[in-house]
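Colleague: Got a structure for you, written out below as C-alpha cells; questions coming shortly.
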Amino acid sequence: MQTRRETLKHSAAVAGLLASTGLFPQYAQAFDKAAFDAKSVAEAVKAMGGAAPVESKDVTITGPDIAENGAVVPLGVSTSLTNVKRMLLLVEKNPSALIAMFNITPDVEANFATRSKMGQSSDVYAVAITNDGKAFFAKKEVKVTLGGCGG
Amino acid sequence: MADPMRIRAQAAGDKATIRVLMSHEMESGQRKDGNGKIIPAWHIQDVTATLNGKVVMTAEWGPAVSKNPFLQFTIKGAKAGDKVGITWKDNKGDSRSDEATVS
C-alpha cells in the first residue's frame, strides 16, 4: 500500500505534466502524460521510472499470434517476480507505445488482462518495474490483419 | 453519466478473480471525421479498484485500450461477501463508480 506521501513523492520524481484527479485526495494520482506520449518502448519505461529494461523469463505476455481485428486484441501481462511496483503493457509500433500501466499493491497479483488496439503487426511488450527501479520485459510478436487505430 | 460497468468477482481459494467490462467510447485521437478533422482523444485515464473500501490497485490507461474496455485482475485474500469497487475517470473529467460482491 502506498501512502499519500510516497505517492506524491513518486509523482514529483516523474518528470512531466502532473494533474491530480482530485477524486481520491488520499491517493492522489497523476496521469502521466509524458509516458503516454512516448513514442518508443524505452522512452515509456524511462518516463515510468524504470531503468533500461532487461529481458526476463519471469515476466510473461500472453496474446494471440494473429489478431484478425486490430481494434480488439486481448493481451495479458503477468510476472512471478516479487517486489514489483508497476506493470506496463506496450505495443511497439503504435503511435504511442504505452497502452496501460498498472500500479501493484501487495493485495493484488501481478497478473492483468485487458484488450488493446493495434495499428499494425508489431512486437508487444510486458514490462515489470521493481521497487528498486529495475525493469524487466518479455515480448511477443502479434500479427494484425486489420489495423485498429485509424479509420 | 456513463453506463454502468459490469463487474464479476469470483472467489477461488484465498483469492478472487475480478472481471470488469466498462462502457466507454475510448476514442484514440488518431481517427478523422468526414471533413478530415482529427477527432480528439477521449479515453479512460485512471482506474481504481478497492476491496472493502481499501485501494488495492490503480491503473493508468492510454487511448490505445479498446472500446468498452475489459479488465481482469486478481485480488489476494478476498472472500465471498467482500465488496469490490471499481472507479474510472476519463480525460474529460467524467467518472463512474460501481460495486460488486465477491461470490
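The values are calculated or read from the model by the stated rules, or taken from the named source; none is laboratory data. Quick caveat: nothing in here was measured; it's all calculated off a predicted structure. A quick note on method: Cβ atoms are made from the backbone with ideal geometry, for glycine too, and the neighbour counts reach across all protein chains shown.
Colleague: Please report, ordered by residue number, the strands (runs of 3 or more DSSP E) entirely within segment B:1-100 with at least 2 residues that are closer than 17 Å to A:PHE36 by Cβ.
Modeller: The strands (runs of 3 or more DSSP E) meeting that bar are B:44-51, B:54-61, B:83-90.
Colleague: Which of the residues belonging to segment B:40-49 are more than 7 Å from chain A (Cβ to nearest Cβ) and either buried (at least 21 other Cβ atoms within 10 Å of the Cβ) or at pLDDT below 85 (or both)?
Modeller: Scanning segment B:40-49 gives B:PRO40, B:ALA41, B:HIS43, B:ILE44, B:VAL47, B:ALA49.
Colleague: Shifting gears a bit: Specify which of the listed residues (B:LYS83, B:LYS37) is surrounded by fewer than 22 Cβ atoms within 10 Å (Cβ to Cβ) and out of contact with any strand residue (DSSP E or B) (no Cβ under 9 Å at 6 or more places or on another chain).
Modeller: That would be B:LYS37, the only listed residue that is surrounded by fewer than 22 Cβ atoms within 10 Å (Cβ to Cβ) and out of contact with any strand residue (DSSP E or B) (no Cβ under 9 Å at 6 or more places or on another chain).
Colleague: Okay, next question. Among the listed residues A:ILE66, A:ILE99, identify the single one that is hydrophobic (A, V, I, L, M, F, W, C) and either surrounded by fewer than 20 Cβ atoms within 10 Å (Cβ to Cβ) or on the phi > 0 side of the Ramachandran plot (or both).
Modeller: A:ILE66
Colleague: A:THR114: facing another protein chain (nearest Cβ under 8 Å) and surrounded by 20 or more Cβ atoms within 10 Å (Cβ to Cβ), yes or no?
Modeller: Yes, satisfied.
Colleague: It is to be established whether one or more residues within segment B:56-63 are closer than 22 Å to A:VAL124 by Cα, at pLDDT below 90 and surrounded by fewer than 18 Cβ atoms within 10 Å (Cβ to Cβ).
Modeller: Within segment B:56-63, none of the residues are closer than 22 Å to A:VAL124 by Cα, at pLDDT below 90 and surrounded by fewer than 18 Cβ atoms within 10 Å (Cβ to Cβ).
Colleague: Within segment A:117-138, count every residue that is surrounded by 24 or more Cβ atoms within 10 Å (Cβ to Cβ) and not in a strand (DSSP E or B).
Modeller: Adding up the residues that qualify gives 2.
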